[in-house]
Amino acid sequence: MPRIGVIGPVGPDYFAENVGDALQRLGHAVSQLGPAHHRSRSRLVDRAAGLARQALPRLNEHAQDRIVRSALGAGCEVVINLDAYLVPSVVTRLRSSGARVAFWFPDSVANLGRQLMLLAPYDAIFFKEPFLVDRLRAMLDLPVYYLPEACNPRWHRPVTSAGTESCLVIAGNMYPSRVRLLERLIAKGIPLRIYGDGFPRWVGETVARTVYTGCYIAREEKARVFRSAAGVLNTMHPSEVSGVNTRLFEAAGCGAAVLTEFRPTIPELFTVGKEVLAFHDFDDLIEQATRLLNERGLTAQLGDAATQRAHREHTFDLRVTAILEKLA
């Protein structure tokens with residue numbers, strides 16, 4: 001089997017970690033090649049560095065030489081890039097060395113940035129947003145494919161009893177549309193617990209801060225929190241047009257009862273009403289949340305069914321296999 005390089009930030013339950021873990025489970029030798037840009041502990045430093053890279057593109061190329069050197073030094077025959085900031089010249093050099101190179105974008109269309117992936121000579125490009133794939137196929141002669149995100153059964157699995165905590169759990173970034181929705185839920189008396197990196201300062205004062213746990217959760221701890229809650233509330237960024245986020249798959253894999261904002265692809269991925277609950281508007285959300293909090297046995301019923309579906313059809317093992325098949 002070929003040695004495979006993975007480009008992207010690595011940390012507990014990070015996208016690149018899950019991809020690398022799946023590849024190893026499938027028997028491949030894996031080299032984690034790191035992110036396109038190393039981050040500092042200071043946002044101001046990162047912002048200044050980003051401005052410098054935009055003003056002087058050669059800085060970007062020089063900084064990313066290490067990725068090419070690492071890939072060549074490890075003998076990578078295949079490289080899977082998960083980082084939107086990788087410059088096209090790096091892909092060109094990897095291809096020139098004989099490696100096959102794919103890009104898998106794990107984010108919404110709002111984070112396409114400078115769209116560098118469309119300038120690079122990838123063998124295959126994968127997006128989780130079907131709307132974007134359809135538009136690019138209609139307009140550009142590029143090897144673009146739809147590929148949803150996934151769960152990792154190694155740690156996205158039931159590890160405790162279902163629904164022992166009478167609350168809805170939210171995990172993820174805090175942006176304005178999510179904060180406003182959480183404020184409305186709190187005003188309606190829906191018990192919430194928020195996990196993640198917390199609230200940016202610029203969000204300002206909000207009652208949603210009162211239900212923030214101060215904890216970032218990953219791997220088995222995430223599985224425990226998700227499974228033990230009455231439900232996991234999965235709200236999505238407005239720029240998720242028809243696709244879905246990674247939280248849906250993680251929570252389902254953990255055996256959580258997922259209450260997710262509706263998107264057109266959800267019925268293709270999970271059976272609504274049997275494996276997940278979905279809401280279209282705020283009144284619908286309140287009704288479904290109230291069911292989860294009060295209907296005995298519903299949390300376990302949904303969570304058990306969601307786990308079976310997620311582990312059968314939506315694992316990283318299956319997703320990376322699809323990528324490798326396109327590169328064969």
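The values are calculated or read from the model by the stated rules, or taken from the named source; none is laboratory data. None of these values were measured; they are calculated from a predicted model. As a convention, Cβ positions derive from the backbone with ideal geometry for all residues, glycine included, and neighbour counts pool all protein chains shown. Heads up: the accessible areas ignore ligands, DNA and RNA and are worked out on the full protein's heavy atoms, side chains in. Shrake-Rupley method; radii C 1.70, N 1.55, O 1.52, S 1.80 Å.
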Probe 1.4 Å, all chains present, heavy atoms only: LEU72 accessible area in Å², nearest 10, is 90
Hey, got the dipole for the stretch 172-222? About the Cα centre, +1 on K and R Cβ, -1 on D and E Cβ, debye to the nearest 20?
-> 160
For the stretch 249-328, which trypsin sites (Lys or Arg not before Pro) are in a loop by DSSP, counting at most 15 other Cβ atoms within 10 Å?
-> LYS274, ARG296
Take the alpha carbon atoms of the stretch 124-187, find their center, do the same for the stretch 270-301, and report the distance between the two centers in whole angstrom.
-> 18
Where in the stretch 242-267 does the amide nitrogen come within less than 11 Å of the point 7 Å from the Cα of ASP134, taken along Cα to Cβ?
-> 242-243, 264-265
Can you give the accessible area of GLU287 in Å² (nearest 10), computed on protein heavy atoms with a 1.4 Å probe?
-> 110
For percent of Cα pairs over 28 Å apart, several values are listed as [x] 43; [y] 57; [z] 64; flag the one computed from this structure.
-> [x]
Enter the angle in degrees (range 0 to 90, nearest 10) between the Cα long axis of helix 219-228 and the first principal axis of the Cα atoms of the chain, meaning the one along which they spread out most.
-> 20
Can you put THR260, THR290 in order of accessible area, largest first, using a 1.4 Å probe?
-> THR290, THR260
Unit charges on C-beta of K, R, D, E only; dipole of the chain, Debye | 780
Could you pull out every one of the lysines with an alpha carbon less than 30 Å from that of LYS128, ignoring same-chain neighbours closer than 8 positions?
-> LYS222, LYS274, LYS326
With the contact rule set at Cα under 8 Å and sequence spacing of 6 or more, what percent relative contact order holds for the chain?
-> 16
Model label zone, ARG219; criterion: amide N under 13 Å from point 7 Å along Cα-to-beta-carbon; scope the stretch 145-176 = 154-156
Once CYS215, CYS76 are ranked on solvent-accessible area with the largest value leading and a 1.4 Å probe, the list reads CYS215, CYS76
How far is helix 43-55 tilted off the main Cα axis of the chain, in degrees rounded to 10, range 0 to 90?
-> 40
Under a 1.4 angstrom probe, counting protein chains only, how are TRP104, TRP202 ranked by accessible area, largest first?
-> TRP202, TRP104
Any idea what the dipole of the stretch 125-269 comes to, in debye rounded to 20, about its Cα centre with Lys/Arg Cβ at +1 and Asp/Glu Cβ at -1?
-> 300
Mean Cβ count within 10 Å, highest first, over the residues of peptides 204-212, 168-176 | 168-176, 204-212
Among rounded, prolate and oblate, which fits the stretch 233-328 when a ≥ b ≥ c are the square roots of the eigenvalues of its C-alpha gyration tensor, a/c under 1.5 means rounded, and a/b larger than b/c means prolate?
-> oblate
